[in-house]
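Data block below; observations after.
The values are calculated or read from the model by the stated rules, or taken from the named source; none is laboratory data. Not measured: the values here are computed from a predicted model. Here the Cβ positions follow ideal geometry from the backbone for every residue, glycine too, while neighbour counts run over all protein chains shown. The area values use the complete protein model at the heavy-atom level, side chains included, leaving out ligands, DNA and RNA. Shrake-Rupley method; radii C 1.70, N 1.55, O 1.52, S 1.80 Å.
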Amino acid sequence: MTKIKIGIVGYGNLGKGVEEQLQFNNDFELVGIFSRRDPKTVISESPVFHMDDLQGMKDEITVLILCGRSATDIPEQAPLLQENFTTVNAYDNHAEIPAHFDILDEISRRQKNVAIIATGWDPGLFSLNRLISEAILPKGE
């Protein structure tokens with residue numbers, strides 16, 4: 001079985017949660033965690049690299065999971081990283097999602113990769129729950 005090779009960008013609560021959950025999926029392999037902090041200061045059993053090392057590892061990574069802040073990190077990092085990687089993010093600035101989509105869609109089409117956006121709780125899982133609920137009770141309250 002070919003494993004999907006994952007890079008985690010950002011190592012706060014979300015990054016730590018993604019790292020933990022990857023161990024339960026045997027079709028994923030965590031290549032490493034990428035942080036702006038000095039890798040020696042990041043406590044993890046997984047390999048930790050500085051963000052500056054990421055571009056040099058693009059042939060080793062299938063998908064980057066962006067775990068930074070929606071307000072500041074993802075709008076800045078996602079377009080840059082999309083140039084060389086397929087990405088998944090949990091961007092949740094609701095009013096800005098259409099613009100975020102347009103930016104990453106243009107890059108993804110040009111670079112022939114994929115950007116999956118807004119995959120957190122809301123939007124994301126809560127949106128999926130609303131869709132299912134509205135399918136069952138279209139006029140429900």
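Rg/Rh, computed from the Cα trace of the chain with Rh as the Kirkwood radius, has the value 1.01.
Stokes-Einstein D for the stretch 48-105 at 4 °C, 1.567 mPa s, Kirkwood Rh over Cα pairs, in µm²/s?
Calculated translational D: 108 µm²/s.
Restriction of the chymotrypsin sites (Phe, Trp or Tyr not before Pro) in the stretch 1-109 to DSSP coil positions whose beta-carbon has at most 12 other beta-carbons within 10 angstrom yields Phe24.
Shown for the chain: lysine pairs separated by 8 or more places, or found on different chains, whose C-alpha atoms are under 21 Å apart, numbering 8. Based solely on its DSSP helices, what 222 nm [θ] is calculated for the chain when runs of n ≥ 4 H residues each add -39,500 (n - 2.57) and the sum is averaged over all residues, nearest 500 deg cm²/dmol? Using -39500 (n - 2.57) per qualifying helix, the result is -10500 deg cm²/dmol.
The calculated FRET efficiency for the pair Lys112 and Arg36, based on their C-beta separation and a Förster distance of 25 Å, comes to about 0.35.
Loop-located GluC sites (Glu not before Pro) across the stretch 1-59 with a Cβ neighbour count of 11 or fewer within 10 Å are Glu45, with loop assigned by DSSP. The residues of the chain present an accessible area of 64 Å² per residue when probed at 1.4 Å with all protein chains retained.
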